[in-house]
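S.K.: Structure provided below as structure tokens; questions to follow.
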Amino acid sequence: MTVVGPFGLSVRDQALEADVQAGLTAVEEGLLDATKSEVPFITEAAQHLVRAGGKRFRPLLVMLAAQFGDPYAPGVVPSAVVVELTHLATLYHDDVMDEAAVRRGVDSANTRWGNSLAVLTGDFLFARASQILADLGPEAVRVQALAFERLVTGQILETAGPSDGRDPVDHYLDVLSGKTGSLVAVSCRFGAMLSGADETVVDVLTQYGERLGVAFQLADDVLDIASDSHESGKTPGTDLREGVPTLPVLRLRERAARLGLAEDIALCELLDSDLTDDARHAEALAALRAHPALEQARRDAVRYAEEARAALGPLPECDAKTALVELCDAVVHRAG
């Protein structure tokens, strides 16, 4: 049994291990090639987050999904480059919106070069992803376009907040389905579709990816509260400081409204205060780390991971399926 990938994923089959490792190596080369420009500064900015590393979660899913068809099919690696470039582009934009100072253990692009250049660099990555996508055929373009629409819609819904009478937790889960689930689902879809897998398999893996993507982001929500910057590669409590209500905060507010406990209400009031103050931010972060709402958010992440695992049921038993099942546990255990 060999451990591969960023989640300590165990692979029991040497051929599968070789395919996945070779695929991820080719993706890394493809990312560097796709982020080169005739303008040296653009290359530096575009490769800033590529060279910082990252989990390469979406390319890993492309490689595993491709095992249900021909993993050597010519469109597999380029499609993985497309989804990772798209993901990286959203990070440049997210860091501007969140005013984040750190990403993947390095200065965020907006900290280093300013907001305007960070946004434009993200746009450059979207453009390069589109160029690669055009060579994968009209169906791939359509799939990516629909996913990108969902991704942007999710971001808009997050910014706008829930409509009157809408449950904030339900609204937030819808946001995550768009912001994160859509691109993770496309990763699985591209891997299966471009490897020539049966359409039924493509649909199963797409459903799996959608649920796994939400579990992944919910685990990130927990990590944003529970981890330090060394573990997560970004500043803890960034969403907290910016007033972005992630699931632990929403579960806290839900509990405060339901039970009316003085300590819950006091913590909500603290969260509503100016958390740009470092001392107040540290106090809020420590209180949330000790609050039952954080454990509830962990359970929510596990529930989505279990739904992802269940979605794999119709697939034939094989080493790739086993790896996808184990990935469900690996994703949420980051938040354990």
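S.K.: What FRET efficiency comes out for residue 22 versus residue 289 if R0 is 30 angstrom and r is the Cβ-Cβ distance? Round to the nearest 0.05.
M.R.: After rounding to 0.05, the efficiency reads 0.15.
S.K.: Set the Förster radius R0 to 22 Å, insert the Cβ-Cβ distance between residue 280 and residue 160 as r into 1/(1 + (r/R0)^6), and round the FRET efficiency to 0.05.
M.R.: The formula returns an efficiency of 0.25 here.
S.K.: At 0.36 nm per residue, minus the direct Cα-Cα distance, what do residue 106 and residue 131 gain on full extension? Give it in nm, one decimal, please.
M.R.: Value of the extension gain: 6.2 nm.
S.K.: What do you get for the angle between helix 138-160 and the principal long axis of the chain? Use alpha-carbon atoms, 0 to 90 degrees, nearest ten.
M.R.: That works out to roughly 10 degrees.
S.K.: Okay, next question. Convex hull over the alpha-carbon atoms of the stretch 185-336: what's its volume per residue in Å³?
M.R.: Per residue, the Cα convex hull of the stretch 185-336 comes to 119 Å³.
S.K.: Sorted by mean Cβ packing within 10 Å, highest first, what order do the peptides 271-278, 87-94, 20-27 take?
M.R.: 87-94, 20-27, 271-278
S.K.: Dipole of the stretch 256-305, Cα-centred, from +1 at each Lys and Arg C-beta and -1 at each Asp and Glu C-beta, to the nearest 20 debye?
M.R.: Dipole size: approximately 440 debye.
S.K.: Compute the longest continuous run of the chain that contains no exposed GluC sites (Glu not before Pro); treat a site as exposed when its DSSP state is not H, G, I, E or B and it has at most 15 other Cβ atoms within 10 Å.
M.R.: Longest site-free region, per DSSP loop and neighbour criteria: 100-316.
S.K.: Can you give the convex hull volume per residue for the Cα atoms of the stretch 235-301, as a whole number of Å³?
M.R.: 79
S.K.: Can you pull the Rg over Rh of the chain, Cα-only, Kirkwood?
M.R.: Across the chain, the Cα-based Rg/Rh ratio is 0.97.
S.K.: Once both axes come from the Cα atoms, what is the angle between helix 278-289 and the longest principal axis of the chain, in degrees from 0 to 90, rounded to 10?
M.R.: Value to nearest ten degrees: 70.
S.K.: Just how much of residue 299 is accessible, in Å², when a 1.4 Å probe is used and the result is rounded to the nearest 10?
M.R.: Result for residue 299: roughly 120 Å² accessible.
S.K.: How compact and how long is the stretch 272-326, expressed as Rg and Dmax of its alpha-carbon atoms in Å?
M.R.: Cα radius of gyration and Dmax of the stretch 272-326 are 18.8, 54 Å respectively.
S.K.: Could you order 55, 179 by accessible surface area, starting with the largest, using a probe radius of 1.4 Å?
M.R.: 55, 179
S.K.: While we're here: For the chain, with all protein chains present and a 1.4 Å probe, just round the carbon and sulfur fraction of the accessible area to a whole percent.
M.R.: 53
S.K.: As a test of the formula, what do you get for the chain when each DSSP H run with n ≥ 4 contributes -39,500 (n - 2.57) and the sum is divided by the residue count, at 222 nm and rounded to the nearest 500 deg cm²/dmol?
M.R.: Value at 222 nm, helices only, nearest 500: -23000 deg cm²/dmol.
S.K.: Would you give the gap between the C-alpha center of the stretch 132-177 and the C-alpha center of the stretch 277-336, rounded to a whole Å?
M.R.: So the two Cα centres are separated by 21 Å.
S.K.: Please give the residues of the stretch 169-194, grouped as numeric ranges, whose backbone N is less than 14 Å from a label point set 7 Å along the Cα-to-Cβ vector of residue 257.
M.R.: What the label zone holds, given the 14 Å backbone N cut-off, is 169-173.
S.K.: Which shape class, rounded, prolate or oblate, goes with the stretch 65-212 when its Cα gyration tensor gives a ≥ b ≥ c as root eigenvalues, a/c under 1.5 marks rounded, and past that a/b bigger than b/c marks prolate?
M.R.: The shape class here is oblate.
S.K.: Any number yet on Rg/Rh for the stretch 53-143, C-alpha, Kirkwood?
M.R.: Result: Rg/Rh = 1.05.
S.K.: Oh, and also: Rounded to the nearest whole Å², what accessible area per residue is found for the chain with the 1.4 Å probe?
M.R.: Roughly 43 Å² per residue, with all protein chains present.
The values are calculated or read from the model by the stated rules, or taken from the named source; none is laboratory data. Small disclaimer: the values here were computed from a predicted structure and weren't measured. So basically every Cβ, Gly included, is an ideal-geometry build from the backbone, and we count neighbours across all protein chains shown. Only protein heavy atoms, including side chains, enter the accessible area calculation; ligands, DNA and RNA are left aside. Shrake-Rupley method; radii C 1.70, N 1.55, O 1.52, S 1.80 Å.
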